Amino acid sequence: MGKPLSMDLRSRMLAAVDAGMSCRAAAARFGVSPSTAVRWRDQQRRTGSYAPKPQGGDNRSGRIETHQAAVFALYEARRDITLEELRHALAKDGVAVAVSTLHRLFVRRGFTRKKRLPTPLSKSAPTS
C-alpha cells in the first residue's frame, strides 16, 4: 500500500487554493491530480483538518465481534474444532463468516489455533 502524501505538500497546495488559485490549477502546479486537490479541500472544509486518514487495518471483523459469545461457546464445547467446522456451525445459526475472519478473532483474543499431529516418541532424539 502506498504512503499518503506529505503534510507539507498538502498545506502548500491548500494555501495556494486559499490565496485564490483554483483546485485544478493548484493541482497542476504541485503535481497532484485534480481530484486529490478537490478531496483535500473538501476534507478541510468539512473537518477543519487536511491530515491523511488512517490506512489499512481490518475493517470487516467488527461484524463477528457481535457473535463472539456464540463463537467461543462452540469453541469451548469442542476445543479441537477446526475453523472450517466452526464456520459451518455458525452458518447453521445464520452467521456467514470467512475462516480468515474467525482466525483474526482468535488472534485478537490471544488464542492459538495451530493443530499438531501426534508425534511418536523417539529413543534417539527428543521430539517436540
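The values are calculated or read from the model by the stated rules, or taken from the named source; none is laboratory data. Here the structure is a predicted model, which means the values were calculated and not measured. Cβ coordinates were reconstructed from backbone atoms using ideal geometry, including for glycine residues, and neighbour counts include every protein chain displayed.
Determine, yes or no, whether Ser61 is surrounded by 11 or more Cβ atoms within 10 Å (Cβ to Cβ) and without any contact (Cβ under 8 Å) to a residue 24 or more places away in the chain. Walk me through it before giving the result.
Working: surrounded by 11 or more Cβ atoms within 10 Å (Cβ to Cβ): yes; without any contact (Cβ under 8 Å) to a residue 24 or more places away in the chain: no.
No.
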Looking at segment 5-20, can you tell me whether even one residue there is free of Cβ contacts under 8 Å to residues at least 40 places away in the same chain and in contact with a Leu (Cβ under 8 Å, 6 or more places away or on another chain)? no
For Val71, work out the one condition from (1) at pLDDT below 90; (2) assigned to a helix (DSSP H, G or I) it doesn't fulfil. (1)
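Could you tell me which residue of segment 66-96 is nearest to Phe106 (Cα to Cα), considering only residues that are hydroxyl-bearing (Ser, Thr, Tyr) and surrounded by fewer than 15 Cβ atoms within 10 Å (Cβ to Cβ)?
Our first condition is that a residue be hydroxyl-bearing (Ser, Thr, Tyr); within segment 66-96, this holds for 66, 75, 82.
With the extra rule that they be surrounded by fewer than 15 Cβ atoms within 10 Å (Cβ to Cβ), the set shrinks to 66, 82.
Details: Thr66: 14, Thr82: 12 Å.
Only one residue tops the list, namely Thr82.
Tally the residues that are among the polar types (S, T, N, Q), more than 30 Å from Asp93 (Cα to Cα) and not in a loop (DSSP other than H, G, I, E, B), restricting the search to segment 21-68.
In the first step, residues of segment 21-68 are kept if they are among the polar types (S, T, N, Q); the result is 22, 33, 35-36, 43-44, 47, 49, 55, 59, 61, 66, 68.
Going one step further and asking which of them are more than 30 Å from Asp93 (Cα to Cα), we end up with 22, 33, 35-36, 43-44, 47, 49, 55.
From the residues that got through so far, the ones that are not in a loop (DSSP other than H, G, I, E, B) too are 35-36, 43-44, 47.
Within segment 21-68, residues that are among the polar types (S, T, N, Q), more than 30 Å from Asp93 (Cα to Cα) and not in a loop (DSSP other than H, G, I, E, B) number 5.
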Starting from segment 43-58, keep only residues that are surrounded by fewer than 10 Cβ atoms within 10 Å (Cβ to Cβ), then list their pairs with residues that are basic (Lys, Arg) whose Cβ atoms are within a distance under 9 Å, requiring at least 6 positions of separation or different chains. Gln55/Lys3
With respect to the numbered conditions (1) in contact with a helix residue (DSSP H, G or I) (Cβ under 9 Å, 6 or more places away or on another chain); (2) at pLDDT 90 or above, which one is the sole condition not fulfilled by Gly20? (1)
Output for segment 81-108, where each listed residue is more than 14 Å from His67 (Cα to Cα) and not in a helix (DSSP H, G or I): Ile81, Thr82
